[in-house]
Structures are given as structure tokens and as C-alpha cells.
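Asks: Input: one structure, supplied below.
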Amino acid sequence: MNLLRIFFWILYLSPTPLLAQICGFSTVKNADIERYTEGYVSHFLQSNVQQRTIARIPVVVHVVWNSGFENISDAQIQSQIEALNRDFRKRNTVNPVFSRFAVDCEIEFCLAQRDTNGNPTTGIVRRQTNYANIGSEYFDTSSRKRIYYTSKGGSTAWNPQKYLNIWVCSINVLYGFASSPAKALERPEEDGVVVDYRVFGTTGSLREGRQNGRLTVHEIGHYFNLLHIWGSDSTCVDDDEVTDTPVQASPHEGCPVDLVKSCNNSLDYFRNYMDYTNDDCMSFFTAGQKARMWATLTGFRANLISSNVCDPVSVQTVNKPIFEVFPNPAQTELTVIFKNQIASESKTIQLLDCFGRIVLEKRNYTVQGIPSRDGVFNLSLNDCPNGFYWLSIQVNNQNIVKKVVIQK
Ligand SMILES: [Zn+2]
């Protein structure tokens with residue numbers, strides 16, 4: 001029996017009903033990542049967050065098409081980016097029964113404006129392939145899929161440390177699948193999200209019930225280390241590792257008319273993005289899910305946040321600030337000196353803790369009311385406990401992030 005047949009037998013024997021198999025995500029965990037996540041989440045949920053910078057995720061979309069109608073328009077791609085920003089910023093309407101559980105995840109997405117060589121790009125790669133349903137095609141016995149490799153008829157990922165790679169193509173049976181951080185550790189060249197072209201975006205020729213771009217929201221939830229809301233099987237033991245989502249037996253489809261319960265809970269969260277309900281039904285992430293995603297954003301996927309590939313190339317070449325930060329590690333004071341600053345430039349320097357909270361901020365440093373001409377910023381660290389921090393330096397709409405350590 002070849003591996004493909006074994007795979008389908010495992011699917012067939014899975015306690016999760018086959019009928020609902022729209023997402024090919026399989027739970028893979030890494031002990032180190034889970035340990036970090038657990039510690040981060042408990043602090044995140046206890047802390048009284050006042051202010052946090054929005055995480056901005058650069059996206060590259062690979063459209064890999066066989067028939068012309070699979071080569072979706074730029075407008076369809078843009079509509080998906082807008083749908084992501086709507087849902088991850090909670091700009092959508094949430095059903096009143098569930099609205100009290102819904103949070104703004106403070107994550108936004110943008111199409112990359114710089115490619116891996118620093119040249120201008122639209123953030124969209126288009127390739128024609130000889131393979132129909134390339135999203136389902138394997139090319140070796142270790143279950144590697146063609147979609148991830150240009151040499152095999154797909155499209156090779158851009159550096160997954162800097163970009164969220166999304167492949168849009170034809171997939172047989174499934175609507176999409178994604179790599180968790182644990183899976184990405186094993187196979188970084190396949191890190192990202194794969195979505196069927198008929199469920200991607202909010203415009204174009206889309207499947208009934210999949211016209212709001214939510215399948216991609218769901219898959220990106222997996223990419224940030226969220227599990228299915230019912231766990232990985234139909235027992236009431238296995239769960240999604242999130243404390244504020246009730247234990248739930250199995251997925252829901254369509255959109256239940258009545259409130260439904262299972263596993264002795266008070267309510268199944270069938271409108272959550274990590275269930276299997278229709279696009280116009282699913283509508284929220286919880287605070288616990290947000291914490292788990294931010295654990296990924298500050299841990300395994302931290303490089304995504306400091307990536308500057310969404311800024312246009314023209315910005316990079318004009319007055320790129322050159323500066324020194326010292327000492328690092330620091331004890332009582334941190335100094336930032338700009339080497340090529342212009343006195344009229346607007347500058348903001350923020351020190352963020354590992355939860356993304358702003359703990360110190362300085363704008364256009366002044367000496368006795370006179371704007372500093374030598375570009376020296378001194379930050380007093382007396383109130384900052386030991387740990388890792390991010391120094392965010394914004395000069396004329398450019399943003400540069402640097403990791404610093406406080407060790408007293
Ligand atoms: Zn899924």
C-alpha cells in the first residue's frame with residue numbers, strides 16, 4: 001500500500017467526520033514551542049495591556065494556475081488582504097450571542113512591496129503549471145507536494161522568515177491547509193498557507209458559502225499555531241489548548257440555527273474562525289486565541305514583525321537612518337545616536353516589552369526646549385525589569401526594529 005493510500009485510510013478512520021474535511025491541517029506540536037507558548041499566554045492574559053503596536057505581516061501570494069480561470073485577478077487577491085484586516089482587527093459584525101467573546105487581534109496584513117533582493121514587487125507571483133489540482137499533487141514518498149517547488153511545477157516560497165507565503169491554486173476535495181510553527185520547523189520550504197482559488201477573497205467566482213475570505217482567516221490561524229476548536233478528534237478530552245474556548249466534541253458545518261452544546265459545555269463556539277462553519281457564520285477569535293497567536297508572533301515568527309518588505313523601495317533609499325544603540329545588554333540607560341540625521345526629521349523611539357507593550361517613548365528629543373541637533377536619545381531604564389525588549393525607531397515613516405536586552 002503506498003503512502004497516499006495509507007494517508008487516505010488514516011483520514012477515513014479519523015474520528016473527525018469525513019464530511020467536514022475542508023481543511024487539511026493535522027496537529028503537530030513541538031515541545032519547546034508549546035513550553036514558550038504556555039508561559040507567554042499566562043502572562044499575556046494576566047497583564048493589563050494599555051497599548052500595543054499593531055503587528056504587520058508581509059504577504060506574498062503565489063497564484064499557480066493550470067486553466068485560465070484559476071489565474072485569479074489582482075482585485076480578488078486584494079479583496080482577501082482586506083478580508084484578513086477586517087477579521088484580525090475585528091472590524092466585522094459579530095453575532096450578539098458571541099460578541100462578548102470576540103477580540104481585536106491587532107494583526108494586519110500587507111502585500112510585500114520588496115522582493116527577496118530588495119527590488120520592487122507587487123507581492124504577487126504568477127506561474128502556469130501542467131498539473132491540474134496541483135495543490136493535491138505529491139512528487140515523492142515523503143509526502144512532499146509539488147505546489148511548494150518551482151522545479152516540480154509549483155512556486156518556491158520566498159524567505160518564510162520575512163514573508164507569509166500564500167499559495168492559491170486548485171485543490172482536490174480540501175479547501176485549504178497550513179503549516180503550524182512545529183511543521184515549519186521540520187520543513188521550512190513548505191511554510192505558509194495553501195488555499196483553493198474558489199474560496200480565496202471576496203470577489204471573483206467563489207463557492208457558495210465561501211464568499212467572505214474566511215477559509216484563509218482559518219488557515220492563517222493555524223499558521224499562528226491555533227488548532228481546530230474541537231481539538232483533533234471527537235472526544236471531549238482532546239482540546240485546542242486555549243482556555244477560554246469551551247471543550248467541543250466535533251466541527252460544525254453550515255451555520256446551526258440553534259445554539260448547540262457538547263461535552264457538558266454551556267455553548268459550542270461554532271461561530272469561531274477555527275470551526276468549519278460557513279464564511280457568513282464564523283466571525284470571531286477569543287482573547288485566548290489572540291494570546292496564542294501573539295506567542296507565535298513574539299517567538300517562532302518574530303522576524304515577520306520586524307520585516308520591512310511592505311515598505312516601498314523608494315522609502316528605503318531616501319535618508320535611511322544610520323544609528324548606534326548602546327550598551328546592549330543595558331543596565332540603567334540606553335543611548336541611541338543617529339549618524340546621518342537631519343534636524344527637521346520627525347523621530348519617535350519606543351521601547352516595547354516582549355508582549356508588544358510600549359514601556360518608554362521619546363519623540364523629537366529636546367534639550368531645554370531646543371530640538372536636539374546631534375540626534376542623541378537617552379532612555380532611562382530604572383523602571384524596566386530584566387528581559388528582552390524591542391527598540392522601535394521611526395524616522396519619517398520608516399520603521400526599524402532592533403532587539404535589546406536589559407540585564408541589571
Ligand atoms: Zn483547519
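No lab work stands behind these numbers, since they all come straight from the coordinates. Quick caveat, the model's predicted, so the values are computed rather than measured. Note that we place each Cβ from the backbone using ideal geometry, even for glycine, and neighbour counts take in every protein chain shown.
Asks: Which order do ARG86, ARG214 fall in if you start with the one that has the fewest other Cβ atoms within 10 Å?
Replies: Ordered by Cβ neighbours within 10 Å, fewest first: ARG86, ARG214.
Asks: List the aspartates and glutamates whose alpha-carbon lies under 17 Å from that of LYS261, not counting same-chain residues fewer than 8 positions away?
Replies: Within the straight-line limit of under 17 Å, LYS261 reaches these aspartates and glutamates: ASP233, ASP238, ASP239, ASP240, ASP244, GLU253, ASP275.
Asks: Would you pull out the residues with amide H under 5 Å of ARG144's amide H, same chain only if 5 or more places away, H placed 1.01 Å from N?
Replies: The list, which skips near neighbours in sequence, is PHE139.
Asks: Name the aspartates and glutamates eligible as straight-distance cross-link partners of LYS408: C-alpha to C-alpha under 18 Å, and not fewer than 8 places from it in the same chain.
Replies: GLU333, ASP353, ASP383
Asks: Using Cα pairs under 8 angstrom and six or more residues apart, how large is the relative contact order of the stretch 19-304, in percent? If you can, show how the numbers build up before the last one.
Replies: On the way: 594 pairs, mean separation 63.5, N = 286.
Over the stretch 19-304, the number comes to 22 percent.
Asks: Rounded if a/c is under 1.5, else prolate if a/b is larger than b/c, else oblate: which is the stretch 120-187, with a ≥ b ≥ c the root eigenvalues of its Cα gyration tensor?
Replies: Numbers: a/c = 1.57, a/b = 1.10, b/c = 1.42.
Verdict is oblate for the stretch 120-187.
Asks: Calculated FRET efficiency, ARG126 and ASN159, Cβ-Cβ r, R0 25 Å, to nearest 0.05?
Replies: 0.85
Asks: Can you list the residues of the stretch 208-230 with backbone N under 19 Å from a point 7 Å past the Cα of PHE388, pointing along Cα to Cβ?
Replies: Backbone N within reach: 224-226.
Asks: Could you list LYS162, LYS183, LYS290 so that the one with the fewest beta carbons within 10 Å of its beta carbon is first and the one with the most is last?
Replies: LYS162, LYS183, LYS290
Asks: For ASP258 paired with SER380, estimate the spin-label separation in nm (one decimal), with each label point 7 Å from Cα along the Cα-to-Cβ line.
Replies: For ASP258 paired with SER380, the spin-label model returns 6.4 nm.
Asks: Taking R0 as 22 Å, what FRET efficiency do you get between LYS402 and GLU34 from their Cβ-Cβ distance, rounded to the nearest 0.05?
Replies: 0.20
Asks: Suppose we keep just the DSSP beta bridges with both residues in the chain; what percent of those would be antiparallel, to 5?
Replies: 65
Asks: Follow-up. Once you order the gyration tensor axes a ≥ b ≥ c over the Cα atoms, which shape class does the stretch 101-157 get: rounded for a/c under 1.5, otherwise prolate or oblate by comparing a/b with b/c?
Replies: It comes out oblate by the Cα gyration axes.
Asks: In straight Cα distance, which lysines are under 27 Å from LYS347, not counting same-chain residues fewer than 8 positions off?
Replies: Cross-link targets: LYS162, LYS320, LYS339, LYS362, LYS402, LYS403.
Asks: Next question, about the same structure. Along the stretch 253-269, what does the Karplus equation 6.51 cos²θ - 1.76 cosθ + 1.60 (θ = phi - 60°) give for ³J(HN,Hα), rounded to whole Hz, x for Gly and Pro?
Replies: 10, x, 7, x, 6, 9, 5, 10, 10, 7, 6, 6, 7, 8, 5, 7, 7
Asks: Hey, what do the phi angles of the stretch 77-92 turn into as Karplus ³J(HN,Hα) couplings, whole Hz, using 6.51/-1.76/1.60 and θ = phi - 60°, x for Gly and Pro?
Replies: Whole-Hz 3J(HN,Hα) from phi for the stretch 77-92: 5, 4, 5, 6, 4, 5, 5, 4, 5, 4, 7, 6, 9, 6, 9, 9.
Asks: Through the Karplus equation 6.51 cos²θ - 1.76 cosθ + 1.60, θ set to phi - 60°, convert the phi angles of the stretch 185-201 into ³J(HN,Hα) values in whole Hz; use x for Gly and Pro.
Replies: 4, 6, 9, x, 5, 10, 7, x, 10, 10, 9, 5, 5, 8, 10, 9, x
Asks: On to the next question. How large are Rg and Dmax for the chain when calculated on the C-alpha trace, in angstrom?
Replies: Cα-based Rg and Dmax for the chain come out at 22.7, 79 Å.
Asks: Could the peptides 23-34, 351-362, 90-101 be put in order, highest first, of the mean number of other beta-carbon atoms found within 10 Å of their residues?
Replies: 351-362, 23-34, 90-101
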